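Structure first, then comments.
The values are calculated or read from the model by the stated rules, or taken from the named source; none is laboratory data. Everything numeric here is computed off the predicted structure, so don't read it as measured data. Using ideal geometry, Cβ is built from the backbone for each residue, glycine included, and neighbour counts are taken over all protein chains shown.
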Amino acid sequence: MKNKIRIIPLGGLGEVGKNMTVVEYNDQMFIIDAGIIFPDEDMYGVDVITPDFEYVRQNKHKIKALFVTHGHEDHIGALPYFMKEFPKVPIYATKLTAGMITNKLKYHKVDRSVIRIIKSVNEVFTYNKVKVSFFGTIHSIPDSVGIVIETPIGNIVHTGDFKIDYHPVDKKFIDFQRLGEIGKQGVKVLLSDSTNAEKEGVSVPESIVAANLEKEVFQATGRTVVATFASSLHRVRSIIEISEKLGKKVVVVGKSMEKNIKLAIQLGHIVAKEETIIAQKEANDYPREQLLILATGAQGEVMAAVSRLSQDENKFFKLEKDDTVIFSSGVIPGNEKSVGSLINNLLKKQVKVVQKKEIHTSGHGYQEEQKLLLSILRPEYFIPCHGEYRMLVKHKELATQVGIKEENIFVFENGDVLEITSDGAAVGESVQAGPVLVDNSGLGDVNINIMRDRRRMAEQGLVVVFAKVYTKEKTVSVRFELKGIAARLDKPQLNKELAEAVESRLSSEKKEGTLRRALIDDFVDVVYKHIKRRPLIVPYIEFIRD
């Protein structure tokens, strides 16, 4: 039997989020990342969406390890669920990423001892004829890595999320020498971040954003609030440095921000004077102009720090007229409404709001950065990953521009399979890889039928019909309850028509199971005549034979 590599993206293709990729060499399985994506507004009661682990479940005897590229939710968010199901799989991550994973596991009963630290990007893990090594990357969070899986057939390279920044705020540059060595050694298959494949040129360096932020903070009046992502630790580092330079005290608001800053300081990714960061309860001890509030909630999340400040729900201090709120973040598509509502609330408080593209940059490389990486690594085969379908297609186009053969580029969907042997590459049979909706109770998955019922109840309302069928007298008694329906209606008439529907079905349907299913459709039609809606119908039918 020929040696074979199989590459199977289980998440992150055709979407931005829930990244997870399986790489197999014969009977050994290596997993890269296990992330989540957050639900749309109409996914009622859903907390997060994870990749489907079914293929991993069917082949769990092959798993050697899971490797994590960095600490963002779309790469680590599904780990608590993964670790519950596969408790003995070792999970390798750099120090900061491992710390963020550990923080996530606080409310999950899983064995944390399986988390192993990648002590250095020079570290190599050896398995049967397979070696796993790393290279440092630049992203919006420190300690990010790309992954190299070396096999006898050839090397598989996964970039993780990356950008090429020649002016990084932490002075840790991308290791072009290491990338050159990887390219020289030969790359059989490259999987690379496609998020910004549609954006021309190069991304703005984080240091330029820091300089622009400093100008805005210097000009700000009253208390200054800077809203950004809790996991954008390079930005957070810059904000703290700016505060120290301008003589401001920093108040951190938001649990995730507090945890991340504490961890980053412990590991040396953020350096702050002991007196710089003060507790929320100390804020009123200082003049308003001397305070910088570093807060979560830049996307308008209802329970996050900035939203609570806009509603006067922070118990330690309140925003006042002429205070300044600076949004150092882009608006994620789909969040425009929530961010707009938040800004409206702030403006009603006569707070100054600053939103400028110059005070935010992406952690993902633009077209020229993607082309440079492709040119350095020169893969034989290429799978664009981490992006919506149009981004993957654009990344394919960029790859052809630097000399990669079009027939060697695979624009996949989640669950597609690329098989590599000494004879070349071929597309294999797809595996199950749909989204798994996780209920916010944490007790289980939400299947498509439950989701459909929740959406229907939210949009159309609920009707519960109680019917008693007296088989001996051949009579019917019906009553109903409406929930979430405001329409005026003739209740006696509706009650009469529902009873008639039951009587009509009784004459043609004899089996109780068939009768129940048929009555649901009949009830929907009857109710629609009265309220012009098709609510969720829940029938309770009791057959009384005495």
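Some notes on this structure:
- Only residues that are within 30 Å of the chain's Cα centre (by Cα) and of a type outside the set (Gly, Ala, Ser) were counted across region 235-253, and they come to 11.
- Whichever residue in region 327-354 is more than 20 Å from the chain's Cα centre (by Cα) and part of a loop (DSSP other than H, G, I, E, B) and, among such residues, is nearest to residue 210 (Cα to Cα): 351
- Subset tally (residues that are surrounded by fewer than 17 Cβ atoms within 10 Å (Cβ to Cβ) and either in contact with a strand residue (DSSP E or B) (Cβ under 8 Å, 6 or more places away or on another chain) or under 20 Å from residue 289 (Cα atoms) (or both)) for region 176-210: 2
- Test: residue in region 452-460 that is touching a Phe, Trp or Tyr at 6+ places or on another chain (Cβ under 8 Å) and farther than 30 Å from residue 437 by Cα: no
- Which numbered condition residue 332 fails, given (1) buried (at least 17 other Cβ atoms within 10 Å of the Cβ); (2) within 20 Å of residue 74 (Cα to Cα): (1)
- Qualifying residues in region 211-249 (those that are among the small types (Gly, Ala, Ser) and closer than 12 Å to residue 276 by Cβ) - the one surrounded by the most Cβ atoms within 10 Å (Cβ to Cβ): 243
- Listed conditions (1) free of Cβ contacts under 8 Å to residues at least 24 places away in the same chain; (2) in contact with a Gly (Cβ under 7 Å, 6 or more places away or on another chain); (3) farther than 27 Å from residue 8 by Cβ are all met by residue 430, apart from (3).
- In region 506-525, residue modelled with the highest pLDDT [restricted to those that are more than 11 Å from residue 463 (Cα to Cα) and crowded, with 18+ Cβ neighbours inside 10 Å]: 522
- Scanning region 115-135 for residues that are part of a strand (DSSP E or B) and β-branched (Val, Ile, Thr), we see that the one that is farthest from residue 91 (Cα to Cα) is 130.
- Only residues that are surrounded by fewer than 22 Cβ atoms within 10 Å (Cβ to Cβ) and assigned to a helix (DSSP H, G or I) were counted across region 378-397, and they come to 6.
- Options 208, 265, 240; residue that is more than 23 Å from residue 351 (Cβ to Cβ), of a type in the set (A, V, I, L, M, F, W, C) and touching a residue at least 40 places away in the same chain (Cβ under 8 Å): 208
- Just one of the listed residues (62, 119) is surrounded by fewer than 18 Cβ atoms within 10 Å (Cβ to Cβ) and either more than 22 Å from residue 431 (Cα to Cα) or hydroxyl-bearing (Ser, Thr, Tyr) (or both), namely 119.
- Some residue of region 209-216 being part of a loop (DSSP other than H, G, I, E, B) and either of a type in the set (A, V, I, L, M, F, W, C) or touching a Lys or Arg at 6+ places or on another chain (Cβ under 8 Å) (or both): no
- Pairs, first under 12 Å from residue 113 (Cβ atoms) in region 75-98, second at pLDDT 95 or above and hydroxyl-bearing (Ser, Thr, Tyr), C-beta under 7 Å, six or more apart: none
- Condition check for residue 264: among the small types (Gly, Ala, Ser), out of contact with any Phe, Trp or Tyr (no Cβ under 6 Å at 6 or more places or on another chain) and assigned to a loop (DSSP other than H, G, I, E, B): no
- Residue 92 vs. criteria modelled with pLDDT of 95 or more, more than 19 Å from the chain's Cα centre (by Cα) and in a helix (DSSP H, G or I): no
- Qualifying residue in region 358-377 (condition: assigned to a strand (DSSP E or B), surrounded by 18 or more Cβ atoms within 10 Å (Cβ to Cβ) and hydrophobic (A, V, I, L, M, F, W, C)): no
- Scanning region 143-177 for residues being within 21 Å of residue 95 (Cα to Cα), assigned to a loop (DSSP other than H, G, I, E, B) and in contact (Cβ under 8 Å) with a residue 60 or more places away in the chain gives a total of 9.
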